[in-house]
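What follows is a short report on a single structure.
Bear in mind that the values in this text are calculations on the coordinates, not laboratory data. Keep in mind that what you see is a predicted model, and the values were worked out from it rather than measured. Glycine also receives a Cβ, built like all others from the backbone with ideal geometry; neighbour counts cover every protein chain displayed.
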Amino acid sequence: LAKTTQPISMDSYEGQEVNITCSHNNIATNDYITWYQQFPSQGPRFIIQGYKTKVTNEVASLFIPADRKSSTLSLPRVSLSDTAVYYCLVGTKAAGNKLTFGGGTRVLVKP
Amino acid sequence: KAGVTQTPRYLIKTRGQQVTLSCSPISGHRSVSWYQQTPGQGLQFLFEYFSETQRNKGNFPGRFSGRQFSNSRSEMNVSTLELGDSALYLCASSWEGAPGTEAFFGQGTRLTVV
């Protein structure tokens with residue numbers, strides 16, 4: 001699985017948009033990009049997944065440039081409850097349900 | 001539908017003992033993976049089972065083992081517990097028909113070795 005690089009931490013304020021960029025220079029043709037959210041003492045929760053261009057769901061957007069060497073998770077209008085660790089992963093189903101987590105980005109939303 | 005269920009939620013064991021953790025995947029999911037999470041090492045992959053067969057394995061000693069039953073439920077066993085085995089153990093299930101790597105995690109079992 002391709003290695004990913006994310007910022008260690010980010011601070012934001014309620015109502016702001018938070019953008020977390022993940023670098024994955026060695027992403028393979030068949031790799032998808034997936035983001036997970038984790039609260040303390042809970043399992044990670046799937047947020048969004050994409051292959052190219054832009055994907056949007058009810059909680060986030062994922063922007064992937066044409067070269068796919070990076071991706072940006074965008075959280076619109078964050079609230080205090082969005083304080084969590086966010087993980088960027090790349091991989092394919094060919095690898096099975098074997099996920100490689102990096103250090104993640106600790107997002108702190110302040111009032 | 002019900003999510004991934006892990007039991008027990010909390011466990012305290014003594015060094016040298018062995019422990020068995022249980023995971024019930026989401027109905028219809030045949031792939032179950034196990035992860036160990038510690039403050040120092042983060043989230044690390046232990047192993048994955050699919051249709052009762054171990055399909056992938058991480059870099060953990062042989063004291064860590066698992067199995068999967070015909071109903072896709074999985075158990076993880078750790079023998080000869082060490083203090084360093086204290087961690088949050090997470091189980092995840094996924095549906096083979098989906099592309100990418102979307103997995104659904106349970107709440108985890110917090111194991112404390114004293």
Segment B:33-89 - percent relative contact order, Cα under 8 Å, separation 6 or more: 31 percent
Separation between Cα centres of segment B:16-76 and segment A:1-75, rounded to whole Å: 26 Å
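Tell me, rounded to the nearest percent, the portion of alpha carbon pairs in segment A:1-63 spaced more than 15 Å apart.
Details: 1207 of 1953 pairs.
The share of Cα pairs beyond 15 Å in segment A:1-63 comes to 62 percent.
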Mean separation of Cα contacts under 8 Å (6+ apart) over length of chain A, as relative contact order %: 37 percent
Largest-first principal axis extents, alpha carbons of the protein assembly as shown, Å: 48, 38, 34
Size descriptor, Kirkwood hydrodynamic radius, that averages inverse alpha-carbon separations across chain B, Å: 14.1 Å
Long-range amide H partners of A:Tyr32 with built H, under 5 Å: A:Gly91, A:Thr92
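Does segment A:41-111 come out rounded, prolate or oblate, given a ≥ b ≥ c as the square roots of the eigenvalues of its C-alpha gyration tensor, rounded meaning a/c under 1.5 and, failing that, prolate meaning a/b above b/c?
Numbers: a/c = 2.05, a/b = 1.29, b/c = 1.59.
Cα axes put segment A:41-111 in the oblate bin.
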Sequence-separation-based contact order of segment B:1-108, relative, with Cα cut under 8 Å and 6+ spacing, percent: 34 percent
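Let me know the mean shielding of A:18-25 by other chains, meaning the per-residue number of their Cβ atoms within 10 Å of its Cβ. Before the final figure, lay out each step's value.
Numbers: counts 0, 0, 0, 0, 0, 0, 0, 0.
Going residue by residue through A:18-25 and averaging, the value is 0.
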Segment B:43-50 - phi-based ³J(HN,Hα) in whole Hz, Karplus 6.51/-1.76/1.60, Gly and Pro as x: 8, 10, 6, 9, 6, 10, 10, 9
For A:42-50, mean number of other protein chain Cβ atoms within 10 Å: 5
Residue of A:Gln16, A:Gln38, A:Gln49 that the Gaussian network model of chain A assigns the largest fluctuation, springs spanning Cα pairs under 10 Å: A:Gln16
Paramagnetic label zone (point 7 Å from Cα along Cα-to-C-beta, B:Arg110; backbone N under 12 Å) in segment B:6-22: B:9-12
